[in-house]
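This report concerns only the one structure given below.
Values in this text are rule-based calculations from the coordinates and carry no lab data. None of the values given here were measured: they were computed from a predicted structure. Every residue, glycine as well, gets a Cβ built from its backbone with ideal geometry; the counts of neighbours run over all protein chains shown.
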Amino acid sequence: MALPRQDDDFPAWYQEVVKQAELAEPSLARGTMVIRPYGFAIWEAIQRAVDDRIKATGHQNLYFPMFIPYRLLEREAEHVEGFAPEVAVVTHAGGEELAEPLVVRPTSETIIWDTYARWVQSYRDLPLLYNQWANVVRWELRPRLFLRTTEFLWQEGHTAHETADEAVEESLKILHHVYREAYEEVMAIPVHAGRKSPSERFPGAVETYTLEALMRDRKALQGCTSHYLGQNFAKAYGVSFLNRQGEQELAYATSWGLSTRAVGGVIMTHGDDAGLRLPPALAPVQVVIVPIFRTDDERGRVLEASRRLADELEGLRVRIDDRDDLRPGFKFNHWELRGVPVRIELGPRDLDAERATLVPRLTGEKEEVPLPKLGDRVREALDRSQRGLFEDARAFRDQHTFRPNDLVEMKTLLREPGGFMLTGWCGSEECEAKVKEETKATIRYLPVEPSPPEGPCIVCGKSAVDEASWALAY
RNA sequence: CGGGACGUAGCGCAGCUUGGUAGCGCGCAGCGUUCGGGACGCUGAGGUCGCGGGUUCAAAUCCCGCCGUCCCGACCA
């Protein structure tokens, strides 16, 4: 019943919230999950936020199949090397062994670029600005609900461009105007936009951009990726076009994705010991009205007033919890666990005084509001919750961002209190690997534009080429 | 895949050492009393004891094999 405390056991807290709030549960095949209606509603709200912005930036949705001939995967060397270990392969179907095995897509660059080859002949055919909502499968070793499941839902955008500049611009546009906005304005999760180090890059990418957020256990979560793929996939799959100079040229690619992992980010960014705290823009239920009564007479009065109130809150997602068999205290806990931003208590005492009791999930403080003012106050409380969750998360993140002077200090800070560590980095993979070996921290992001910081590499002491942000990560 | 823990009712667990009628709490159903921070009483339903094999008159319990889950590590959106 009671949740484990976050400070005592964060992973146990997380699992219990997901289960008790009825977001999702593990299913039969290892690492798969059933997303329950309440959890799926949160995902749908994220989808809407992302999809609207994808379309607003000029993209169209389409759909590619989930089965990809194995040989297609093999054409891009880096790509196959990166994904082969975690790919599920179908060898039998229709009661027979297949002449050619099919992979269940771990991502769709291969089939999409193989198709694009037939769609692109001229610079006039470019750009292709397409996105698909799909499920993908990656055979992960250690699954975790929402954060890392064998099958997950996501969108993957795949664009083809005439020039490298245009493709780079596209991948950054998506990062900032689609993903960052969805994260910060809708999910109320503050993020750092950055660039991945070569060792953390997507297999086959020239550059991988990322949004990184800090969870309440002080571990970082990668919120999405946006890749500039250069001409690698065009070359592997033969996507060439006649350019403005009349020469054959390979198209420039981007791909970018945001997955159901984002739901996990919402849980771990905002949740507290009482359960979820959902930003109103995302909350399947924004306002819950809990009627309080003893006698049948009171029940009639209070329920009627509740319905009137719900009507007045038109346009908001309002729910009246009129279950007869449960007492108010139980309902309070029930909806707090589910993160509903605003609760309104309505009982005989309130009605007699022509007021209602309003309780924002953000603060938990009860406020008595005269009925005529309630509509305005509810909307105000929702606005305040949306902003408050974001501000809280940002303050938490900033309080957990440090600039250690040496590796020893960084190691100490990573352990307690934890968070993002900003340091100079010389750019060598050896130094990166050494930090990982000694602290388990990895480079979460580098600035989008490389800008050598003052001071040396925290590992080797040579001059730094980049400011790296290190953290323990999911 | 390596190290550790664990699989018994929907959930959490006891029972196993020393083989012999499968139990407790929560939840669930019915009825009644309750109702402003996780109510209570009575009655009741619910079990291939993870799966397969072995030992035995008899296996949740002992033996062998397998499967799965969780935690820690390597891989990762």
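Within the straight-line cut-off of under 27 Å between alpha carbons, the lysines reachable from A:Lys373 are A:Lys331, sequence neighbours fewer than 8 places apart in one chain being disregarded.
With 0.36 nm allotted per residue and the present C-alpha distance subtracted, the A:His177-A:Arg142 stretch has 9.4 nm of extension available. Cross-link partners among lysines for A:Lys196, C-alpha distance below 22 Å, same-chain residues fewer than 8 apart left out? The qualifying lysines are A:Lys173, A:Lys219, A:Lys411, A:Lys434, A:Lys436, A:Lys440, A:Lys462. For the range A:287-384, the pair-distance distribution built from all alpha carbon pairs, in bins 10 Å wide starting at 0, is 16, 55, 28, 1 percent.
Under the combined filter of DSSP loop state and at most 14 neighbouring Cβ atoms within 10 Å, the range A:1-33 retains these trypsin sites (Lys or Arg not before Pro): A:Arg5, A:Arg30. Pick out, from A:Thr439, A:Trp425, A:Cys460, the residue whose Cα sits farthest towards the positive end of the charge dipole of the range A:402-471, with +1 on the Cβ of Lys and Arg and -1 on the Cβ of Asp and Glu. Farthest towards the positive pole: A:Thr439. Normalised by the number of residues in chain A, what is the relative contact order in percent for Cα pairs under 8 Å and 6+ residues apart? Once normalised by length, the contact order is 13 percent. Farthest towards the positive end of the charge dipole of chain A, among the residues A:Met33, A:Asn232, A:Ala305, is the Cα of A:Ala305, using unit charges on the Cβ of Lys, Arg, Asp and Glu. Among the GluC sites (Glu not before Pro) in the range A:408-474, those located in a DSSP loop and surrounded by at most 11 other Cβ atoms within 10 Å of their own Cβ are A:Glu454. On full extension, the segment bounded by A:Phe330 and A:Glu247 gains 22.7 nm, given 0.36 nm per residue less the C-alpha separation. Using the Cβ of A:Gly271 as centre and a radius below 12 Å, the other residues enclosed give a net charge of -1, where K and R count +1 and D and E count -1. Other residues lying with their Cβ under 15 Å from the Cβ of A:Ser451 contribute a combined charge of -3, Lys and Arg counting +1, Asp and Glu -1. How large is log10 I(q)/I(0) at q = 0.12, 0.17, 0.20 Å⁻¹ when the Debye formula is applied to the Cα atoms of the range A:201-334, each weighted equally and without solvent? Relative scattering, expressed as log10 I(q)/I(0), comes to -0.72, -0.99, -1.14. Using the empirical formula 2.2 N^0.38 Å as the baseline, the Cα radius of gyration of chain A reaches a ratio of 1.10. Residue order for A:Lys366, A:Lys411, fewest other beta carbons within 10 angstrom first, comes to A:Lys366, A:Lys411.
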